[in-house]
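Inspection log for the structure reproduced underneath, given as structure tokens.
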Amino acid sequence: MEKTNDLTQKPLTPAMENYLKAIYNLDREKRVVRVRDIAKRLGVRMPTVTSMLKTLSKRKLVDYEKYEYLELTDNGRAVGKKIHHRHCVLRSFLTDVLNIDDEIAYGEACKMEHAISTPTLDRFVAFMEFVQSCPRAGANWLDRFDTFAKEGRDRAKCMEHMKEFFDGFKERLDTIENQ
């Protein structure tokens with residue numbers, strides 16, 4: 001197998017992905033993206049941003065010239081959008097399904113977005129869609145999970161809730177069949 005020195009073929013680090021996501025989001029929010037905007041967004045110093053922009057430029061992910069505005073290349077925009085999407089899905093799962101505090105969920109999603117595979121992320125999305133649309137799941141089901149997680153793993157309570165669920169489900173099913 002032939003080795004390549006092409007920087008565009010090497011995997012991106014989580015830090016690089018964070019920069020691309022930040023630039024992608026800033027680009028959506030503002031007309032132009034500046035080094036100071038990125039520094040403020042990521043909580044780093046401007047020379048640190050400049051150094052990373054040089055690296056991203058060498059990888060053909062940003063068009064950057066010193067003292068100028070910068071832009072994502074098409075490839076850089078695609079990566080930024082992908083990381084942003086991963087973050088949104090994971091954050092939504094953590095807040096909407098697991099009922100984790102939004103601030104904590106934000107930080108956790110930032111960590112997870114770099115490691116999760118596309119097929120696994122797709123399963124997260126499918127699971128959230130299932131919970132929202134399947135009559136066996138839904139908000140009530142998530143409320144029960146939240147109670148289970150917060151108040152303890154009491155099997156008797158679960159069995160009681162299951163009976164309530166089946167009774168309600170049977171009523172819904174009868175209504176559907178009689179239409």
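The values are calculated or read from the model by the stated rules, or taken from the named source; none is laboratory data. A quick note: this is a predicted structure, and the numbers were derived from the prediction, not measured. When the accessible area is computed, the model is the full protein with side chains, heavy atoms only, and any ligands, DNA or RNA have been set aside. Shrake-Rupley method; radii C 1.70, N 1.55, O 1.52, S 1.80 Å.
Of note:
- In percent, rounded to a whole number, the relative contact order of region 1-123 is 23, using alpha-carbon pairs under 8 Å and six or more apart.
- Computed over protein heavy atoms with a 1.4 Å probe, the carbon and sulfur contribution to the accessible area of region 76-156 reaches 55%.
- Those aspartates and glutamates that a straight Cα-Cα span of less than 17 Å connects to residue 157, excepting residues fewer than 8 apart in one chain: 143, 146, 167
- Per-residue [θ]222 nm for the chain (sum of -39500 (n - 2.57) over DSSP H runs n ≥ 4, rounded to 500): -22000 deg cm²/dmol
- Among the listed pairs 21/150; 30/111; 82/150, those whose Cα-Cα separation exceeds 28 Å are 21/150; 82/150.
- Computed log10 I(q)/I(0) for the chain at 0.15 Å⁻¹: -0.91, from the Debye equation with unit scatterers placed on every C-alpha and solvent omitted.
- Were the residues from residue 48 through residue 126 laid out at 0.36 nm apart, the gain over their Cα-Cα distance would be 24.2 nm.
- Sorted largest first by accessible area at a 1.4 angstrom probe radius, with every protein chain in place, the residues 125, 62 fall in the order 125, 62.
- Taking all protein chains together and a 1.4 Å probe, the residues 111, 40, 54 rank 40, 111, 54 from largest to smallest accessible area.
- Between residue 36 and residue 13, full extension at 0.36 nm per residue minus the direct alpha carbon distance yields a gain of 6.1 nm.
- The listed residues 104, 23, once ranked by accessible area (1.4 Å probe) with the largest placed first, stand as 104, 23.
- Along its first, second and third principal axes, ordered by size, region 55-122 spans 44, 27, 15 Å in Cα coordinates.
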